[in-house]
Each structure stands twice: as C-alpha cells, then as structure tokens.
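What follows draws every value from the coordinates through simple rules; no lab data is involved. From a predicted model like this one, the values you see are computed outputs, not experimental measurements. Cβ placement follows ideal geometry from the backbone for every residue including glycine, while neighbour counts extend to all protein chains displayed.
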Amino acid sequence: MKTSLALLALACAAARADFPAKTAELYLTRPGGGPGLERPARLKFRPADQPSERQPFVFVDPSKTFQTVVGIGAAITDASADVFASLPAREQKQVLRAFFDRKRGIGYSLARTNIHSCDFSSATYTYAPEGDASLARFSVAHDRVNRLPLLRRAIAAAGGELTIFASPWSPPAWMKTNGDMLHGGSLRPEFARAWADYFVRFLRAYKAEGVPIWGVTVQNEPMASQPWESCVFTAAQERDFLKNDLGPALAAAGFGGVKILIWDHNRDLLYQYASTILRDPDAAKYVWGVAYHWYEDWAGGRPLYDNVRRLVQAYPDKPPFFSEGCECPSGAAKALRLDDWSLGEKYGREMIEDFNSGTVAWTDWNMMLDERGGPNHVGNFCYAALHADAKTHALHWTDIYDYMGHFSKFIRPGARRVAATSSRAALKATAFLDPDGSLAVVVMNGTDRSEDYRLLISGRAVKTTAPPHSIATLVVKR
C-alpha cells in the first residue's frame, strides 16, 4: 500500500480538529430497491441541541481515532480465475470495472490469492514435483494460464495499486507426515527449510510476473484437518517455523518487507494461538499482524468479536486482519439461494463488528464463482458476490456485492476509524475518516421495522431513515 504520508498526516490532523459537518450524500441498499447502491440523496446538517432518549441517533466523534485501514476486497482463487477466463471479453471488462473501479464499481483495494492449490482449485497441484527438495524445478507455470493474468488485470483496473496477500493451504505432499496434501497431516521437520524457501520462490516468481505480494499468512486454518488441502500447525510449531525458518528465509532473500501474518483461522482460538507466538520475541519480530476467519459460529456458537478486541488491547502493534469469510449452501440439496437477502446482511453485520473490534482489513472469500458455487475439486461449494453461468455467461450479482460496496467504495486505504455509537440496538454503525478529509458513516438496520434517526457530529445533525433490512453509507463533508 502506497498511501502518501501527506494524506495520512492530513487525515490525522483533520481527526484532531472539530468536524463542522455541512452535507452528506446518502447511499442506500434495501430489498426491492434494485441492484447496486441507490442514487445518492443529498442531506444538509443543521445545528443540534442535546438529543433526548426518545430520539434515535447515531453519534460520531471524529476526534477519537483508532486503527488505519489496509484495504477491503476478496480472494482471487483458481476458481475465480477459471470462471473469469471462461467469460466473453465484454463480460470480463464488466466484472473488472464492477469490482475494482472506484467510480463505476465498488473499488476493491485488497486481494488474497492461494499459494499452489486449495479447495477452490479444479485439481490438486504444487509448484515443485515429488522429491524436489532443492526446488530446482520450481515453477508457477500453472498460474500463468488464468490466475496471474486476472491478478495483473485486477491491479490495472484498481488504478495500478492493489494490496495482495497470499496463503498456502498445504505444503507439497512429499513434505508432510501423511504424504498427502489433503486430510491434514503436518510439515515434516526435515523439510522446514525447504518449505520456507518455497515461499521465497513463490514471492520471487510472482514479482517477476508483475504481481508483487504485500504479505503472506503462514498457514491457512492451521488447526483444521480438512478433506481438501490442509496442514496442522500447533501454535508452538508455527512459532518455531516462523522464527527458525520462514522469517530468516524471507529476510535473507530480500523479502524482509513482505508482511507476515500468523493464525489465519477462526476467532475462537485467536488469542491463545497468537499470544503463544507473540510472547516469543524471536518470533514476534517477524510478525506484522494476526489474520482470522469467521467460521467459529457455524458450530452453533456466536461470533467472538471480543477475542479480536482482547488481541488489540494486549498487542496493539500486531493488528487483526480479517482474511476470509463466506457462506455455503446447507441442507440435503445444497442448492444456491442467490437472492437470499440474509447473505449480504451477514456481511454487513460482520464487517461493522470486525471494524469496531479493531481489524485493519476485510477480505471476502472467492471474488466470483460459477452457477454451482465452484469449481471446487472436493465439492465444497460456496456463495460469492458474483456467480457466472458456465453455459450462458449470465452474471448474477448477490447482495454480498452491494453490502461489500458500502464499505470498499468509501473506506479507502489509509482511512482512520473514528468513534461511532448508536442509541438503538436496531442500528449498527461504524465510521471512518478518509484520507481525502471526508467522513464515511455506515449504518445498518437488520430488523423488520423502519427506524428514523439523526446522525449527530460535532453539534450538528441531519435526520434520515433506515428502512427495514437496509444498509446505508453517509459520506459527510465539511
């Protein structure tokens, strides 16, 4: 990310000063309102007295600032790249514009990609053949077919800057205790150095292909043994691999500036796992932040946002980084319900809670998938913001796209979160001061009842309405 120091300084200075709100552009998404964000309504602030408890309001205090945003976006997997490559040229341009162009689309500024295969690949593959411990035959030729071309086009569509991080789902089978890239297993100690060098070769190859990698996670979902590509790392194992092998290998190869994120799994064990690594100074010096997912609530629990907050309190210099979340069809048929409004609402709720908990980034899982929710070589089909029919090439945008856009289009890299509260449980809110000096306030109403409320900033307020099951972004200017 190359946000200028001047813009960041401007944002910080603006946050410390009073914010005399004058006008706001209200962008709204609601059921029945049509695809995309509705044409903005212009609202005018007026001086406001002390609100009463009978008056619902969202209160924003721009003088209190918190974390700085790295980016918002989605993963460009093999599945996304293969579906994109199958589209005609006109639809490809439409997709790139919709996801990465800030003016005509929702301006994604962040992307994740996989290091060799994952479940959302058409088959299992690696960059080094069986027994190639010296990595003499290492090659990313597989990715040159569809994934690297899409990544380069995404960078261009985003204006030449796109923060990309990469994750491995498993080392090659010959490096593992179970001799299989699937079904868990662990890294064999004698291949730790070779696996660290594998990261180096990947970073070097992608840089040569015109796709520089901003950061890497050590292991995707290290506590899960899955039917697809997976590898188990305990916290102690990841700590030791990081400090003895991966960290030194990246530094020695000139990739010391590549950010390393640990954990990359759910919020449930986030604090225990991260603290085990961060308490070791020899490991902690290589750690930039802590990546995490949202899937712990699938087991019948509730999202553990407080675990993210505790991490921020204990390790404020190792920011949380949301690296993956998605919904998958359930039930015997497992048919996709592409018009289910609850898909987007889950995203809106999770993003507001995660940002208010301190995360610096938010990454959807697959950017786009086919009409089945794949391709996926183990049948692990999921939803995405965009589904493209493999036969007709028809594009079906789910409301995930709209909900993501309420954040990614207006909350840009370098934005600072500011204090935001609501006087009604029905209204969830978060707010950011953008580097351009504007204030982006996201307000979501997930209930069945309309809520009239006032947005109050520095003694000035504007009255508006949150329709049932709606999300809005108010871009406030002085």
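The table for this structure:
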| item | result |
| --- | --- |
| Förster radius 22 Å - calculated FRET efficiency between H396 and S342, Cβ distance, rounded to 0.05 | 0.85 |
| Segment Q272-F66, length gained on full extension (0.36 nm per residue, minus Cα span) | 71.8 nm |
| Extension gain from T23 to R46, taking 0.36 nm per residue of separation minus the Cα-Cα distance | 7.4 nm |
| Additional length obtainable on full extension of the chain from V145 to S450, 0.36 nm per residue less Cα span | 104.9 nm |
| Length-normalised contact order for the chain - Cα pairs under 8 Å, 6+ apart - percent | 24 percent |
| Charge dipole (debye, nearest 20) of the chain; +1 at Cβ of Lys and Arg, -1 at Cβ of Asp and Glu | 1860 debye |
| Label-point separation, Q55 to E371 (7 Å along Cα→Cβ), nm | 5.4 nm |
| At R0 = 22 Å, FRET efficiency that the Cβ-Cβ distance of R153 and R90 yields, to 0.05 | 0.95 |
